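Participant: Got a structure for you, written out below as structure tokens; questions coming shortly.
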Amino acid sequence: MSRIHPFQGTSTLALRQRKAHLLRSFELSPELLHASLVERFLKCGKPKCRCHAQGPKHGPFFYLNRCFAKGRMQSLLLKSQAQIDQARQSVAAYAQAQLVLDEISQINHELLRRGEPLALPS
Ligand SMILES: [Zn+2]
């Protein structure tokens, strides 16, 4: 989907059918979450700890990062394995929804480019 006109060679009928299929099968997950799950290994506050020398750092710690406008970010430390599992699943659900929305958007862009109506009267 990185080409500028990925559907250029596709017939208008096929585009409409693909879009109808996407709209029919699209389900908005109640778990979706727009954030990134990041894993960190950190140094602790004890100056004599092995983590400040060559020893391994502590972790992994899992954070859920959300970006806001103006480059601001909110970071949430996930404290249980259940939270981590949920976060992983929720981030994946968001990415999946985003893929479907992006494809519908691409199809609509192509239909508009062809001077076609985006929605046919039913
Ligand atoms: Zn330490």
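The values are calculated or read from the model by the stated rules, or taken from the named source; none is laboratory data. The structure presented is a predicted model; accordingly, all values stated were derived computationally and were not measured. Virtual Cβ from ideal backbone geometry, glycine too; neighbours counted across all protein chains shown.
Participant: With the requirement that a residue be surrounded by 10 or more Cβ atoms within 10 Å (Cβ to Cβ) and either over 30 Å from LEU23 (Cα atoms) or over 16 Å from the mean Cα position of the chain (by Cα) (or both), what does region 74-97 give you?
Facilitator: Step one: filter region 74-97 for residues surrounded by 10 or more Cβ atoms within 10 Å (Cβ to Cβ), giving 74-79, 83-97.
Listed by number, the residues that qualify are GLN74, SER75, LEU76, LEU77, LEU78, LYS79, GLN83, ILE84.
Participant: Given the criterion more than 30 Å from PRO121 (Cβ to Cβ), within 16 Å of the ligand (Cβ to nearest atom) and of a type in the set (Gly, Ala, Ser), identify the matching residue among ALA53, ALA92, ALA87. First the steps, then the outcome.
Facilitator: Working: ALA92 fails: within 16 Å of the ligand (Cβ to nearest atom); ALA87 fails: within 16 Å of the ligand (Cβ to nearest atom).
Sole residue among the options that is more than 30 Å from PRO121 (Cβ to Cβ), within 16 Å of the ligand (Cβ to nearest atom) and of a type in the set (Gly, Ala, Ser): ALA53.
Participant: If ALA35 satisfies every condition in (1) small (Gly, Ala, Ser); (2) at pLDDT below 95; (3) surrounded by 12 or more Cβ atoms within 10 Å (Cβ to Cβ) but one, which is the exception?
Facilitator: ALA35 satisfies every listed condition except (2).
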